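Report on the structure given below.
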Amino acid sequence: WPLEMQVANALHSSFFGRPLPTTTDESTTTSDTAAAAGIPRPQNERMCMGGHRDPIFGTAFSPDGKYLATASEDSTIRIWHVQSHKLVATLSEGMDTNYECLRVAWLKIRSENDSTNNLQQSGDDADDTDNVGVVEKYLLASGGADGIVRLWSAVQKKNAEAEHNNNKLDWTCVGSLNHFHTEDEERPQIYALQFIQSPSYSNLDLLLTSAHDSIYLWNIVIDVDDDDDAKTSESTEISHEQQNKKFNNKRRFLSLLSIQFSHLEGSKTNQFGGQRNPENELYVFDASYNESSDLLAVALSDGTCRVISLASVDDADNDANDTPLQREQCVLSLPPGYFGDGGGHLTAVNWDKSGSRLATCVASGRVVLWMLQYAGVDGSIFLHPSIVSILDGGAGRPLFGAKYCCGKNEELLLTWGIEGNVSVWDSFSVGEVMLPICTLISNPDYPIFALDVTEKSIAIGGGRDGGFLGVAAYLYDINR
């Protein structure tokens with residue numbers, strides 16, 4: 001078997017305890033026939049039950065894989081312990097129950113010994129007795145339909161009481177940012193949310209957000225109340241010594257850049273409005289940053305994907321006072337007529353780890369795989385995109401995401417959507433591909449809105465109105 005089939009076979013065995021069937025008819029199914037084909041319920045499925053009352057729109061594993069965060073229409077965030085799949089925390093402080101929570105994202109921890117790390121240690125202030133032995137373990141961001149991004153800190157006490165309580169994490173909201181302005185006709189929904197650690201800004205932890213037709217990049221810093229100088233945007237670096245004088249995990253958002261795509265050339269070329277967008281307004285539906293290439297891809301409602309470099313003029317000497325160039329490298333798009341009546345707006349975008357491959361999900365149910373390579377023309381270097389493959393994964397119904405995963409070079413691509421299927425594709429496919437390698441999950445009563453994957457686990461979130469039992473998130477262990 002080719003390498004991608006070997007990796008897919010191992011993943012299939014994790015779910016069903018048996019290898020892939022050897023015949024094409026048995027090994028692949030369309031999304032229309034997946035349920036009818038009798039795909040069994042995965043043997044490695046574990047339910048995260050007893051939490052959300054309404055559909056789940058966001059899922060994200062903690063950087064160490066110990067916890068899963070889920071965001072729901074019920075205006076709460078739930079934290080689950082992955083190994084036991086038990087609920088350990090509910091975050092709802094300051095949440096407006098009229099607006100659903102849409103996205104969650106964790107800060108990637110650099111090193112507990114790194115003085116530039118945004119996670120805080122206990123202070124050495126003798127008067128701060130309540131925080132002796134307190135360590136910040138995680139920082140989580142959430143975004144909702146109210147246009148507000150919130151930061152949540154999880155701290156742990158290192159003492160006998162903490163050990164008695166199995167080192168329980170205490171969660172609090174430590175900062176918020178409102179994208180909503182009174183002159184807006186409607187509240188912006190936060191569809192893009194991602195912590196960024198750019199090689200161009202090695203000393204900073206940045207947060208990517210979106211609202212309406214714009215994306216924003218924020219520098220997340222400690223909120224030092226007793227130092228007015230540190231509150232100015234001109235002085236964004238706060239020393240590790242100053243932070244540790246007294247334990248403080250409150251955060252502030254300092255604006256680094258914003259890009260409004262409706263002002264860029266060609267943004268009105270191909271509008272896909274439909275019943276939900278009769279005015280053909282331009283919206284950001286997703287964004288994905290890749291650390292290897294320092295590129296940001298933004299999926300828009302006009303059917304285009306804008307690829308932008310975050311590199312500034314002099315990468316070797318960047319700090320918080322440098323402004324990224326906001327260089328648009330290329331625009332990825334297909335002719336509007338190609339999509340037919342299914343709609344051409346992009347629902348999601350995802351990079352592979354190398355930053356050279358990109359998957360864009362289209363509302364018509366297709367996934368377009370792109371290859372992006374730098375090429376020299378007349379002494380200048382440009383980012384040259386090319387379509388490698390089109391995957392017909394949604395049978396005309398929307399897909400909500402795609403993610404590269406599994407194997408040394410991420411040989412597989414997972415897709416999910418309204419049909420309730422998680423399908424497995426060869427991520428190095430060429431040409432038009434009508435069928436996936438296999439389908440891991442098929443449940444038409446559970447539309448899948450979110451998926452996250454690590455080397456050891458896959459998590460999905462979705463569902464419909466939960467009723468008495470609520471709505472579960474699902475975990476699946478991967479055997480290596």
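Computed values, structure above
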quantity: Residue match in the stretch 450-468 (condition: surrounded by fewer than 24 Cβ atoms within 10 Å (Cβ to Cβ), in contact with a Leu (Cβ under 7 Å, 6 or more places away or on another chain), β-branched (Val, Ile, Thr) and in contact (Cβ under 8 Å) with a residue 40 or more places away in the chain); calculated: yes
quantity: Pairs where the first residue, in the stretch 189-214, is at positive phi and of a type outside the set (A, V, I, L, M) and the second is surrounded by fewer than 23 Cβ atoms within 10 Å (Cβ to Cβ) and not in a strand (DSSP E or B), C-beta under 7 Å, 6+ apart; calculated: His212/Tyr283
quantity: In the stretch 56-79, the residues that are open to solvent by 40 Å² or more (accessible area, probe 1.4 Å) and basic (Lys, Arg); calculated: Lys66
quantity: For Asp225: the one exception among (1) open to solvent by less than 20 Å² (accessible area, probe 1.4 Å); (2) at pLDDT below 85; calculated: (1)
quantity: Pick from the stretch 262-319, criterion small (Gly, Ala, Ser), in contact with a strand residue (DSSP E or B) (Cβ under 6 Å, 6 or more places away or on another chain) and surrounded by fewer than 23 Cβ atoms within 10 Å (Cβ to Cβ), ranking: modelled with the highest pLDDT; calculated: Ser288
quantity: Any hit, the stretch 86-105, residues being modelled with pLDDT under 90, within 19 Å of Leu208 (Cα to Cα) and in contact with an Asp or Glu (Cβ under 9 Å, 6 or more places away or on another chain); calculated: no
quantity: Near pairs, Cβ below 8 angstrom, 6+ apart or cross-chain, from the stretch 62-77 (in contact (Cβ under 8 Å) with a residue 12 or more places away in the chain) to any residue that is of a type in the set (Lys, Arg) and buried (at least 24 other Cβ atoms within 10 Å of the Cβ); calculated: Ala69/Arg78; Thr70/Arg78; Ala71/Arg103; Ser72/Arg78
quantity: Residue match in the stretch 27-39 (condition: surrounded by fewer than 17 Cβ atoms within 10 Å (Cβ to Cβ), at pLDDT below 90, at positive phi and not in a strand (DSSP E or B)); calculated: yes
quantity: Where a residue in the stretch 80-99 is over 13 Å from Trp152 (Cβ atoms) and open to solvent by 60 Å² or more (accessible area, probe 1.4 Å) and its partner, wherever it lies, is among the hydrophobic types (A, V, I, L, M, F, W, C) and part of a loop (DSSP other than H, G, I, E, B), with Cβ under 7 Å and at least six apart; calculated: Tyr99/Ala145
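The values are calculated or read from the model by the stated rules, or taken from the named source; none is laboratory data. Note that the structure is predicted; figures quoted are calculated from it, not measured. With ideal geometry, Cβ positions are generated from the backbone for all residues, glycine too; neighbour counts draw on all protein chains shown. Protein only, heavy atoms only, side chains kept; ligands, DNA and RNA dropped before computing areas. Shrake-Rupley method; radii C 1.70, N 1.55, O 1.52, S 1.80 Å.
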